[in-house]
Amino acid sequence: MDNLMAFSRRTLFGSGSAVVMSSLARRLAIADQTGETDSARPKSVILLWMEGGPSQLETFDPHPGGRIGGDVKAIDTSIKGVQISDLLPRTAEQMHLTSLVRSVTSKEGDHARAVYNVKTGYRLDPTLRHPSIGAIVCHADDGVADIPRHISIVPGQHPSRGGYLGPAYDAFKINDPAGPVPNVRGRISKERYDRRVSDLYELVEKEFRRGRLVDLEKRRTLHQTATNAALRMMSSEQLTAFDVSQEPKGELEAFGDHRFGRGCLAASRLIEVGVRCVEVTLGGWDSHITNHTSQQSACETLDPALSALLTRLNERDLLDSTLVVCGGEFGRTPTINPAEGRDHWPHGFSTLLAGCGIRRGTVYGATAPDPPRDREDPLDDLSDAVTVADLHATILTALGIDYQEEIITPVGRPLMRSEGEPIAGILS
Amino acid sequence: MPNAKSIFLNTLRWCWFALLVLIAFGYLVSGLSEPSSDDEARPRISNDDIAATVNLVDQHRLASLTAAGLESAPVADWMTICRRLSLALVGNQMSLEEIRELQRLPESERESVHLANLLNDTRFHNYWAERWTRFLVGTDEGQFIVFRRRRFRLWLAEMFSQNRPYDQMVRDLITAEGLWTDKPQVNFLTATFDSNNGQVDPVRLAARTSRAFLGLRIDCLQCHSDFLGNVSLGDASDSRGGLQTDFHQLAAFFSSAKTSELQGVRSGEVDYQYTYLDETEEVSVEPAVPYSPELLPTDGDARSRLATWITHRDNRQAALAAISHVWALMFGRPAGDAVDNLPVDQQTDPMLGALADDFVAGKFNMRRLIRLIARSAPFRVDSRAEFAVTDEHERQHAVFPLVRLRPEQVAGSMIQASRIKKTDRESSLILQLQTLIGTSEFVSQYGDIGEDEFTTDAVTVTQRLLMMNGGITKDVINPDPVLNSLAHIGMFAASDDQAVQSLYLCVVNRYPTESEQKHFVDRLRESPNRKKTREDLTWVLLNSSELAWNH
């Protein structure tokens, strides 16, 4: 039988005696024991993407008992005087690590357009595709890693894109970390794989280059460069960061035995090996019918994962260099429709931020507990309203990126990374 | 005797059942329908009718090369040109079956016959319908749900099938009326419902119209007049900076499209109000065009007037916009900097000008335009030369430009490489399903470039991983005796030489060079496992730049 290419985490680490402990594994192990991490670490972001639009009223901004409150109850949190939904009991205990913005607004009430808006900070524009936060973060520095620095775990319908920065900044997509990383296993012996690569470059690519554009590889295709990077990734020890089965059982259980929980755990591991942005998606929030049941179900998944993630990052001193953002494309209506659901509501919804550059234990903005039914402008019911663009400027500022710096887009139009203004009240 | 009769009947029943199973199997794996007999009856196309314009385009190219002091590469071989045609018109390369059929013809006829075949192929109608759908209504789903988009795409496919003149197609879109279910073209308008509370959005349609039909990027004028010198309007000889009024006056044409639930889109009165930058009061905006106002009819419905203006014989800018898009689809990249940015104050590329003049004189005949481009020297010239090829040679069309294939072209070419026969509507259900799912998954992983169809980005690590180890690659190189060309070649190639040649033809649409032939034939002869060696060769070719780039 062929000596199968040893690209999988199991081959690298799981077979016992022949395993060589990698520097990564050592680092993770030391961190496990001491909680110490590298203080000079570049800043990273973990985006917990609540796909479908979570209800602010059933999550971070409950108004129980009133006309709009629904069936939810409010519970105290670790921030004095601040309550959140009783559907998030574990998160409530970690709120002192976070800043909660309860007054985010946008002009987009359609899923696709709103996702674009929140992920890029810009509204859809037929002339230009804007980059998402992860792409901007990766573009802003020249760091390198064997594995992609922008990763989307369990990508939803709209994974983060590179936009005008190019597809090289698109998120690398993986599904449930319990499964294998896609396309990194060669499935044949190393010798045979090497022979294929050799035939490709020594013969076929050489023939393709003959008589064509001078310096074809460097000036146009980057074919061999990308192949070499792909081969590096296939054999990289950093791939083990995807493997949450390396973690103790208790840690896995703390995050939750579901793909979102495993995704959050993998996100933490990936940040430790130099990944700059990890997006983990949780769906199930689009509750046009039976809102409470849907929100409750999604919260049961979110709560352990979010609280465990904050705890882990804090214990490992990673919150100083990692920004956690938890939110969706919009909130849900204060009114409950005849199907006991809540519809789309971009006029005041919540986003939770924690970590580097963000003040701890703060709440910014508020929605009215009993807004008039006939209010002409729903924003009148908000205090300290902020826009999605403001949220982006805040995130970039927290990450140490100049949000006002202009990037020359492919159409020759200079464009600031964000056109919003940072929310000073939550920046540390 | 009753026993014998019973046995006979049982046997007959089982035979009948077996026959049904066999037919069903055959239908699933191979399809039952024979290729249309129209293929053979199809007349050979003479190029005499387009010779004068082709000659003019070629002269312009030669003049520009001479002026730049550049040498031209020779004409490419017929197989390379036919591959380019297939990639441009049906989105994948040639099948081995198509190559073999063309090889039966005199070499001088092969390109023309292949082009004629493709223009009558439903693959062309569907493929171009998808590409045009992207730039007419975008790639965002939003409320423009999949089904509406599909209706729109099918309507466009029918238009390409009928070779409906371009001017009439544009008029159909701009003046569309009715329900989206009944009149699919109305979805050009309804695609903008999501941003305007269920009504046609004049602002988005102005932006779309200016880019798609006028080749002008005036979107920034929505918010402010041009202050960077990026947008020039007015006449070519007397241009001026773009104004905010230009954009909103164009948008005002679409305010006549009213929507009701029962009747869908209907024409009504123009009703467009806007508060311009630095003004405090909203004003009523009357429809007006951003250049050549003398071509705009004074009477009639607003949208009808706009359609007449865009498709006016003397609206050369609009004709150039059409040429620019067809050119980009043929080459995989725009003739200039961008497919939808043809500033009115810049000198028109004389080649595009000649094509635009012919397009208008030929009553906006799309197939004629495609034939013109396909027969012109820029399309037929080789991408390699004896001299050192530079970017400037590509810009001046001294060589064919190297262009990265779009994701769906890569997926289509890989799937086609795994089949001897062309993959189309007459292919087996299994193959059609595999093509649909495989392409969709591949494009999703490879990275759909959305509306930015003609970007020239280099390959990424994710893409290389997908090509090296992904599902389609695995499917193509795993020998499947029923569906896979690799298995067919393994079973039926008369010699190792023929096996290597057939694999090259299947995967990269060319014969191997002498050194390649020798290398891989030797590899086959020396190999203890010839099947694996053929798999390896297929992997190498699938992973080559040659497959993933147009050349």
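Summary table below
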| quantity | calculated |
| --- | --- |
| Per-residue average of Cβ from other chains inside 10 Å of B:374-387 | 1 |
| Net charge over other residues, Cβ less than 11 angstrom from the Cβ of A:THR335 (K, R count +1; D, E count -1) | +3 |
| Using a Förster distance of 51 Å, the FRET efficiency for B:THR181-A:ALA424 (Cβ separation, nearest 0.05) | 0.50 |
| Sparse-neighbourhood loop sites, GluC sites (Glu not before Pro) in region A:347-415 - DSSP loop, at most 15 other Cβ within 10 angstrom | A:GLU376, A:GLU405 |
| Proximal charge balance of B:GLN103 [Cβ under 12 Å; K/R count +1, D/E count -1] | -2 |
| Phi-based couplings in Hz for region A:109-124 (Karplus 6.51, -1.76, 1.60; Gly and Pro marked x) | x, 9, 3, 4, 5, 6, 4, 4, 4, 6, 6, 10, x, 10, 7, 3 |
| Contour minus Cα-Cα distance for B:GLU130 and B:ARG395 (0.36 nm per residue) | 92.6 nm |
| Accessible carbon and sulfur surface of the protein assembly as shown relative to its total accessible area, %, 1.4 Å | 51 |
| Label-point gap, in nm, between A:ASP384 and B:ILE23 - each point 7 angstrom along Cα→Cβ | 7.5 |
| Karplus (6.51, -1.76, 1.60) ³J(HN,Hα), θ = phi - 60°, over region B:459-472, in Hz, Gly and Pro reported as x | 6, 10, 4, 4, 5, 5, 4, 5, 6, 6, 10, x, x, 5 |
| Distance (nanometres) between label positions extended 7 Å along Cα→Cβ at A:ASP176 and A:ARG232 | 3.3 |
| Most to least packed among B:467-473, B:197-203, A:246-252 [average Cβ atoms within 10 Å] | B:467-473, B:197-203, A:246-252 |
| Exposed trypsin sites (Lys or Arg not before Pro) absent: longest stretch of chain B, with sites in DSSP loops and at most 11 other Cβ within 10 Å deemed exposed | B:105-424 |
| Sequence-distant residues sharing a close amide H with A:VAL45 (under 5 Å, placed H) | A:CYS277, A:VAL278, A:LEU323 |
| Efficiency of FRET between B:PHE227 and A:SER245 - r from beta-carbon atoms, R0 45 angstrom, step 0.05 | 0.20 |
| Under-5 Å amide H pairs with B:ASN550, H placed in peptide plane, nonlocal only | B:VAL403, B:ARG404, B:LEU405 |
| Protection proxy ranking, peptides A:355-361, A:331-337, average beta carbon neighbours within 10 Å, highest first | A:331-337, A:355-361 |
| For the protein assembly as shown, accessible area per residue (1.4 Å probe, heavy atoms of protein chains only), Å² | 42 |
| Charged-residue dipole, Cβ positions (Lys, Arg, Asp, Glu), region B:256-336 about Cα centre, Debye nearest 20 | 760 |
| Karplus (6.51, -1.76, 1.60) ³J(HN,Hα), θ = phi - 60°, over region B:542-551, in Hz, Gly and Pro reported as x | 4, 8, 7, 4, 4, 6, 8, 10, 8, 8 |
| Neighbour net charge for A:PRO155 - beta-carbon separation under 11 angstrom, K R +1, D E -1 | -1 |
| Accessible surface of A:LEU47 - all protein chains present, 1.4 Å probe, nearest 10 Å² | 20 |
| GluC sites (Glu not before Pro) restricted to DSSP loop in region B:370-451 with at most 14 other C-beta within 10 Å | B:GLU386 |
| Cα pair count fraction exceeding 47 Å, expressed as % - the protein assembly as shown | 34 |
| Nearest-20 debye value, the protein assembly as shown charge dipole, Cβ charges on Lys, Arg, Asp, Glu | 3200 |
| GluC sites (Glu not before Pro) restricted to region A:273-340 and DSSP loop, no more than 16 other C-beta within 10 Å | A:GLU340 |
| Point-to-point label distance, A:SER297-B:ASN529, nm (Cα→Cβ direction, 7 Å offset) | 4.7 |
| Extension gain from B:ALA68 to B:ASP357, taking 0.36 nm per residue of separation minus the Cα-Cα distance | 101.6 nm |
| Exercise: per-residue mean of other protein chain Cβ atoms within 10 Å, B:437-446 | 1 |
| Nearest-0.05 FRET efficiency for B:PHE492 and B:TRP14, computed from C-beta distance (R0 41 Å) | 0.80 |
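The values are calculated or read from the model by the stated rules, or taken from the named source; none is laboratory data. All values derive from a computational prediction rather than experimental measurement. Methodologically, a virtual Cβ is constructed for each residue, glycine included, from the backbone with ideal geometry; neighbour enumeration extends over all protein chains shown. Ligands, DNA and RNA are stripped out before the accessible areas are found, and what is left, the full protein with its side chains, is counted by its heavy atoms. Shrake-Rupley method; radii C 1.70, N 1.55, O 1.52, S 1.80 Å.
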